[in-house]
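Q: Would you mind keeping the following structure in view while I ask a few things?
The values are calculated or read from the model by the stated rules, or taken from the named source; none is laboratory data. None of the values given here were measured: they were computed from a predicted structure. Please note: Cβ atoms are built from the backbone with ideal geometry, for glycine as well, and neighbour counts cover all protein chains shown.
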Amino acid sequence: MLELDGSALEGGGQIVRSAVALSAITGIPVKIRNIRAGRERSGLRYQHCAAVRAVASVCNARVEGCDVGGKTLTFKPGKIEKKKISVDIGTAGSIPLVLQAWLPVILECGGEIVAKGGTEVQLSPTIDYFEHVHVKLIRSHGAAVTTEIMQRGYYPRGGGVVRVVVGESCMRPISPGERSAADNGIISCSSNLPGHVADRQASSAASLLSEEGIGELPVHYDRRDGPGTGSSITMWVGYKGACALGRRGLPAEKVGRSAAGALLCELRSGGDVDMFLCDQLLLYLARYGGRYSCSQYTLHARTMIWLLEQFGFPVDVREGHPVEFINESGS
């Protein structure tokens, strides 16, 4: 059994989510100790437990310690099977982070998940980033993935519902190319708020991008009532994206400009993908081969490189500007 220190490097939920996914794919049992030991609220949180349950369900794993607050988790995988599952985080915890653990596993045979929780959550990619940046990249490399946002869920109420279906897939080495300009875009969303909130978010974002010489991006809106009140904006150019969330007292214009500013930083910095997609793609790179670049070697990326090595998946990192991540063989 492989034993891991859950406090290593980034020391967060990324280690738990990625370790159980890698365990399922490789068949290597894993024990993770000191889970999130350096965090203010250490141990597993609701969304980490939901991610473990999602992966365990499709690989018939035996699991010990999957409890909120738990600091040691044992995961013994079985055979991956095509299944339809449902996972309820139970809070406004991040649905996209749960899907990040489940998706690379279910690509092995196909399946379906209905996940309930938060679709737009602080310190997490929005569900729109997951759909328009993460999923679109792996789809362009052979993944048969469709997503449906059935209901949006904002903090603190949650209540979001997302359905993801994965069909038979034949993955190719990861090598991001140019995306059509028609595939760039902005999506501005709101729940239980006046329609002008989403308008103002999008208008301020588009204005800043225009000031900096970025051509007009198609704008889409999603205004609908739901269990909670909130707003978000997500934008993407190629395989670089950015997002921001509204909150009480924060003008919608600042929300839009915050996301646009983050996207501009990524576009100016070089590399094929943004710094968040970079570490999300490393498991796929290790599994299927390929190469891509990013402007920086983040702590999250370093954590994934370390974790992949523990499971026998070395990835070559060539530090420079930009940083290159290379796996010429695939698993």
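Q: In this structure, is residue 89 among the β-branched types (Val, Ile, Thr) and touching a residue at least 60 places away in the same chain (Cβ under 8 Å)?
A: In short, yes.
Q: Another question, if that's okay. Would you pick out the residues in the range 183-217 that are in a loop (DSSP other than H, G, I, E, B) and in contact (Cβ under 8 Å) with a residue 12 or more places away in the chain?
A: Once the filter is applied, which keeps residues that are in a loop (DSSP other than H, G, I, E, B) and in contact (Cβ under 8 Å) with a residue 12 or more places away in the chain, the range 183-217 yields 184, 192, 193, 195, 212, 214, 215, 217.
Q: Condition (residue is over 14 Å from the mean Cα position of the chain (by Cα) and either among the hydrophobic types (A, V, I, L, M, F, W, C) or farther than 23 Å from residue 157 by Cα (or both)) applied to the range 91-103: is it met by at least one residue?
A: If we filter the range 91-103 for residues that are over 14 Å from the mean Cα position of the chain (by Cα), which is where we start, we get 91-92.
So of that shortlist, the ones also either among the hydrophobic types (A, V, I, L, M, F, W, C) or farther than 23 Å from residue 157 by Cα (or both) come out as 92.
Yes, the range 91-103 contains a residue that is over 14 Å from the mean Cα position of the chain (by Cα) and either among the hydrophobic types (A, V, I, L, M, F, W, C) or farther than 23 Å from residue 157 by Cα (or both).
Q: Turning to a different aspect of this structure: Quick one: is residue 71 touching a Cys at 6+ places or on another chain (Cβ under 8 Å) and modelled with pLDDT of 95 or more?
A: Values: touching a Cys at 6+ places or on another chain (Cβ under 8 Å): no; modelled with pLDDT of 95 or more: yes.
Taking the combined requirement at face value, the residue does not satisfy it.
Q: Follow-up question, since we're still on this one. Residues that are surrounded by 20 or more Cβ atoms within 10 Å (Cβ to Cβ) and in the same structural domain as residue 136 (by TED's automatic domain parsing): list the strands (runs of 3 or more DSSP E) wholly contained in the range 277-331 that include at least 3 such residues.
A: Counting at least 3 such residues, we get 290-294.
Q: Now for a separate question. Can you list residue pairs whose Cβ atoms sit under 6 Å apart, with the first residue in the range 233-258 being in the same structural domain as residue 192 (by TED's automatic domain parsing) and the second being part of a loop (DSSP other than H, G, I, E, B) and of a type in the set (S, T, N, Q)? Count only pairs 6 or more apart in sequence or on different chains.
A: Close Cβ pairs (under 6 Å, with a partner that is part of a loop (DSSP other than H, G, I, E, B) and of a type in the set (S, T, N, Q)) amount to 234/126; 237/184; 243/126.
Q: Which one is farthest from residue 326 (Cα to Cα), of the residues in the range 246-289 that are acidic (Asp, Glu) and under 20 Å from the mean Cα position of the chain (by Cα)?
A: So the first thing to find is which residues in the range 246-289 are acidic (Asp, Glu), and the list is 253, 266, 272, 274, 279.
Subsequent filtering for residues that are under 20 Å from the mean Cα position of the chain (by Cα) retains 266, 272, 274, 279.
Working: 266: 21, 272: 13, 274: 16, 279: 13 Å.
In this case the residue turns out to be 266.
Q: Does residue 37 count as at pLDDT below 95, outside any helix (DSSP H, G or I), crowded, with 24+ Cβ neighbours inside 10 Å and in the same structural domain as residue 287 (by TED's automatic domain parsing)? Before the answer, list the steps.
A: Working: at pLDDT below 95: yes; outside any helix (DSSP H, G or I): yes; crowded, with 24+ Cβ neighbours inside 10 Å: no; in the same structural domain as residue 287 (by TED's automatic domain parsing): yes.
No; evaluated as a whole, the condition is false for this residue.
Q: With the checklist (1) assigned by TED's automatic domain parsing to the domain that holds residue 99; (2) in contact with a helix residue (DSSP H, G or I) (Cβ under 8 Å, 6 or more places away or on another chain) in hand, flag the one item residue 167 doesn't pass.
A: If we test residue 167 against (1) assigned by TED's automatic domain parsing to the domain that holds residue 99; (2) in contact with a helix residue (DSSP H, G or I) (Cβ under 8 Å, 6 or more places away or on another chain), just (2) comes out false.
Q: Let me ask something else about it. Outside the structural domain of residue 80 (by TED's automatic domain parsing) and touching a His at 6+ places or on another chain (Cβ under 9 Å): does that describe residue 188? Walk me through it before giving the result.
A: Numbers: outside the structural domain of residue 80 (by TED's automatic domain parsing): yes; touching a His at 6+ places or on another chain (Cβ under 9 Å): yes.
Considered against the rule, which asks whether it is outside the structural domain of residue 80 (by TED's automatic domain parsing) and touching a His at 6+ places or on another chain (Cβ under 9 Å), residue 188 comes out as yes.
Q: Looking at the range 99-120, is at least one residue within 22 Å of residue 8 (Cα to Cα) and without any contact (Cβ under 8 Å) to a residue 60 or more places away in the chain?
A: Within the range 99-120, not a single residue is within 22 Å of residue 8 (Cα to Cα) and without any contact (Cβ under 8 Å) to a residue 60 or more places away in the chain.
Q: Test of understanding: among 24, 92, which residue is closer than 19 Å to residue 130 by Cβ and either buried (at least 22 other Cβ atoms within 10 Å of the Cβ) or assigned by TED's automatic domain parsing to the domain that holds residue 165 (or both)?
A: Exactly one of 24, 92 is closer than 19 Å to residue 130 by Cβ and either buried (at least 22 other Cβ atoms within 10 Å of the Cβ) or assigned by TED's automatic domain parsing to the domain that holds residue 165 (or both), namely 92.
Q: Looking at the range 127-137, can you tell me whether even one residue there is of a type in the set (Asp, Glu) and buried (at least 21 other Cβ atoms within 10 Å of the Cβ)? Write out each step before concluding.
A: At the first step, the residues of the range 127-137 found to be of a type in the set (Asp, Glu) are 128, 131.
After this cut, where a residue has to be buried (at least 21 other Cβ atoms within 10 Å of the Cβ) as well, the list is 128, 131.
Yes, there is a match, as at least one residue in the range 127-137 is of a type in the set (Asp, Glu) and buried (at least 21 other Cβ atoms within 10 Å of the Cβ).
Q: Let me ask something else. Residues that are more than 23 Å from residue 222 (Cα to Cα), at least 2 per element: which strands (runs of 3 or more DSSP E) completely within the range 83-169 meet that?
A: The qualifying strands (runs of 3 or more DSSP E) are 84-88, 111-117.
Q: Taking the residues in the range 207-224 that are over 12 Å from residue 188 (Cβ atoms) and loosely packed, with under 12 Cβ neighbours inside 10 Å as candidates, determine which candidate is modelled with the lowest pLDDT.
A: My answer is 215.
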